[in-house]
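Let me begin by presenting the structure, written as structure tokens, before commenting on it.
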Amino acid sequence: KAGVTQTPRYLIKTRGQQVTLSCSPISGHRSVSWYQQTPGQGLQFLFEYFSETQRNKGNFPGRFSGRQFSNSRSEMNVSTLELGDSALYLCASSLGPPGAGSSYEQYFGPGTRLTVT
Amino acid sequence: AQSVTQLDSHVSVSEGTPVLLRCNYSSSYSPSLFWYVQHPNKGLQLLLKYTSAATLVKGINGFEAEFKKSETSFHLTKPSAHMSDAAEYFCVVSGANGGSQGNLIFGKGTKLSVKP
């Protein structure tokens with residue numbers, strides 16, 4: 001089975017631009033989560049989607065948004081990029097569904113390295 | 001609210017000696033706990049998970065962790081370190097926004113160095 005794939009792997013953007021990152025989950029997985037990893041803040045949860053619905057959102061500004069398609073693929077968008085948005089963005093998929101008592105493992109992709117200059 | 005604290009930011013061991021990576025958690029209910037490993041320039045790989053079954057959990061590559069509720073700890077151990085174990089290790093608790101456990105809360109990570 002193919003793992004989680006993320007495209008592109010590397011991206012360089014300028015302040016003020018916007019960017020879209022893509023994530024294809026493991027076949028059969030319906031839950032996709034996004035995380036931001038930086039040296040200073042570590043790994044932080046961005047949002048989670050299940051069956052095209054955002055179920056959970058982390059503490060990030062509205063410039064960060066996402067969506068999930070009917071085939072479970074997900075995209076996240078960051079508008080009006082700031083230097084501080086430079087990070088490794090990780091996508092994870094799981095069988096789901098999320099909910100009390102659920103403990104589905106999340107499988108991570110290799111990440112997209114975003115550099116904002 | 002859930003949180004995890006990894007007590008060491010960096011651990012250095014010699015090859016063939018035991019590994020101990022320490023993690024304390026805070027949770028208002030019975031948590032699901034995980035250990036993930038991240039090798040340089042790679043994604044995160046699940047080592048093991050605890051979900052209120054056996055308190056001693058065995059994972060991949062010879063790692064195991066013991067859930068101790070009285071100490072709110074979930075330390076990761078391995079009897080004998082290998083050079084390939086050098087990586088960053090994350091202790092993780094599942095979040096619970098409105099009962100959902102779809103988001104993970106990560107510790108700050110422990111970098112494990114293995115000396116020959």
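Observations on the structure shown:
- Sites matching GluC sites (Glu not before Pro) across the range B:31-116 that sit in DSSP coil, with at most 11 neighbouring C-beta atoms within 10 Å: B:GLU71
- Largest-first ellipsoid semi-axes for the range A:17-82, taking √(5λ) over the Cα gyration tensor eigenvalues, angstrom: 21, 13, 11
- With Cα atoms as the point set, the radius of gyration and Dmax of the protein assembly as shown evaluate to 17.5, 51 Å.
- 3J(HN,Hα) along the range B:15-23: 4, x, 9, x, 10, 9, 10, 9, 8 Hz, from the Karplus curve 6.51 cos²θ - 1.76 cosθ + 1.60 with θ = phi - 60°, whole Hz, x for Gly and Pro.
- Net charge contributed by nearby residues that have their C-beta within less than 13 Å of B:GLU15 (K/R +1, D/E -1): +1
- Restricting the chymotrypsin sites (Phe, Trp or Tyr not before Pro) of the range B:53-83 to loop positions (DSSP other than H, G, I, E, B) with no more than 16 neighbouring Cβ atoms within 10 Å leaves nothing.
- Straight-distance candidates among the aspartates and glutamates for linking to B:LYS49, with alpha-carbon spacing under 16 Å and chain neighbours fewer than 8 residues away dropped: A:GLU105, B:GLU64, B:GLU66.
- Whole-angstrom gap from the range B:27-72 to the range A:27-66, using each part's C-alpha centre: 21
- Average beta carbon contacts from partner chains per residue of B:41-54, 10 Å cutoff: 4
- Cross-link partners of B:LYS42 among lysines (Cα-Cα below 27 Å; sequence separation of 8 or more within a chain): A:LYS1, A:LYS13, A:LYS57, B:LYS58, B:LYS78, B:LYS108, B:LYS111, B:LYS115
- What the pair-distance distribution of chain A shows, using all Cα-Cα distances binned every 10 Å from zero, is 15, 49, 30, 6, 0 percent.
- Inverse mean reciprocal Cα-Cα distance (Kirkwood Rh) of chain B, Å: 14.3
- Protein-only accessible surface order, largest first, of B:LYS49, B:LYS115 at 1.4 Å: B:LYS115, B:LYS49
- Projected label points at B:THR77 and B:SER28, each 7 Å from Cα along the beta carbon direction, are separated by 3.3 nanometres.
- Where trypsin sites (Lys or Arg not before Pro) in DSSP loops with at most 13 other Cβ within 10 Å are excluded, longest remaining stretch of chain A: A:64-117
- Phi-based couplings in Hz for the range B:49-64 (Karplus 6.51, -1.76, 1.60; Gly and Pro marked x): 9, 10, 9, 6, 9, 5, 6, 9, 10, 9, x, 7, 6, x, 7, 8
The values are calculated or read from the model by the stated rules, or taken from the named source; none is laboratory data. In this text the structure is predicted, and so the values were computed from the model without any measurement. Note that each Cβ is placed from the backbone with ideal geometry, even for glycine, and that neighbours are counted across all protein chains shown. Accessible surface areas use protein heavy atoms only, side chains included; no ligands, DNA or RNA. Shrake-Rupley method; radii C 1.70, N 1.55, O 1.52, S 1.80 Å.
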